[in-house]
Amino acid sequence: MSNIDQLNELLSFRYATKEFDPTKVITAEEKSALLSALHLSPSSFGLQLWKFYNIEDPSLREKLKAESWGQGQVTDASMFVVLAAETNLDEARVDKWIARLAEVQGAPIEKLAGYKEVLMGFVYSMNETQKVEWAKKQVYIALGQLMTSAALLGIDTCPLEGISPIAYDEILGLKDKGYTTAVACAIGHRNATDRHATTPKARFPIEEMVETV
C-alpha cells in the first residue's frame, strides 16, 4: 500500500466517535506520542498561545461530564484532553517567546528585535477580545493535529464543543492561570456497539469543495 493509500484509509477510518469502550485503554507510549503531537503543533508566529490539560482524575471527569450535556465520551474514553487558549497576550508574553526562541536557536536576542517588532505590531492591532479569539483559532490547529495523529495510530477521537467553557474554566481553575477553555477531545477506542463507526462518511463532492485557480 502506498503512503497516499494509507493516508486515505486512515482518514476514512477516523470519525467523531460517539461511544468509546471504557475497557480498552490506550498505552502509555501512545498517550505520550499524542501529547507530543499536541506539543509539536504549529501556531502563528510560533507563540503557542495554549495549554493542554490531560484529565486523568475520574472525579474531575465526572464533573466535566455534567457540564458536557452528559456526553459519555468524557468519562468512557481512555484519554480526555481539554484544549485551552491563553488570555494574557501582552509584550511580556512576547518577550518570553523571544527569549525561548533565542535560547533554542542559539541566537542573540538583539538579532530577533525585528521579528519582535513585527509580532508586536500584530498584537497591538487587536483588542483583548480579539486576542483571545485569535488564540482560540490557534488551539483548533492543535486539535486537528491531535485527531490526525491519533488516526495514524489507529486510535479514535471525538472533538467536543458541546460543553460549557465557563464551567470548565471554573472546575479546572483556568481563569487564575490565564487560560480559557476552547474545545475538548475524547481519545480511545470505539465501542463495537457504536453504529456511527460503520455509517458512510458523508461529504459533498470534492469538485464542489476544492477549486484550483
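The values are calculated or read from the model by the stated rules, or taken from the named source; none is laboratory data. All values derive from a computational prediction rather than experimental measurement. Backbone-built Cβ (ideal geometry, glycine too); neighbour counts: all protein chains shown.
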Quiz item: Are there any pairs with C-beta distances below 9 angstrom linking a residue in the range 174-187 that is at positive phi to a residue that is modelled with pLDDT of 95 or more and among the acidic types (Asp, Glu), with the two at least 6 apart or on different chains, and if so which?
Solution: GLY178/GLU86
Exercise. State all residues of the range 28-60 that are surrounded by 14 or more Cβ atoms within 10 Å (Cβ to Cβ), part of a helix (DSSP H, G or I) and in contact with a helix residue (DSSP H, G or I) (Cβ under 8 Å, 6 or more places away or on another chain); if no residue qualifies, say none.
Key: ALA33, LEU34, ALA37, LEU38, SER44, PHE45, LEU60
Exercise. Please go through the range 118-138 and pick out each residue that is of a type outside the set (Val, Ile, Thr) and more than 13 Å from ASP90 (Cα to Cα).
Key: GLU133, TRP134, LYS136, LYS137, GLN138
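Identify the residue in the range 1-22 that is part of a helix (DSSP H, G or I) and of a type in the set (S, T, N, Q) and, among all such residues, is nearest to ASP76 (Cα to Cα). Give the derivation first.
Quick first cut of the range 1-22, residues part of a helix (DSSP H, G or I) only: 3-13.
Now narrow it down to the ones that are of a type in the set (S, T, N, Q): 3, 6, 8, 12.
Values: ASN3: 32, GLN6: 28, ASN8: 28, SER12: 23 Å.
The qualifying residue nearest to ASP76 (Cα to Cα) is SER12.
Residue check: is LYS65 free of Cβ contacts under 8 Å to residues at least 60 places away in the same chain, surrounded by fewer than 19 Cβ atoms within 10 Å (Cβ to Cβ) and among the basic types (Lys, Arg)? Write out each step before concluding.
Values: free of Cβ contacts under 8 Å to residues at least 60 places away in the same chain: yes; surrounded by fewer than 19 Cβ atoms within 10 Å (Cβ to Cβ): yes; among the basic types (Lys, Arg): yes.
The answer is yes for LYS65.
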Quiz item: Picking from VAL94, VAL25, VAL82, VAL74, which residue would you name as being in a loop (DSSP other than H, G, I, E, B) and either in contact with a His (Cβ under 9 Å, 6 or more places away or on another chain) or buried (at least 18 other Cβ atoms within 10 Å of the Cβ) (or both)?
Solution: VAL25
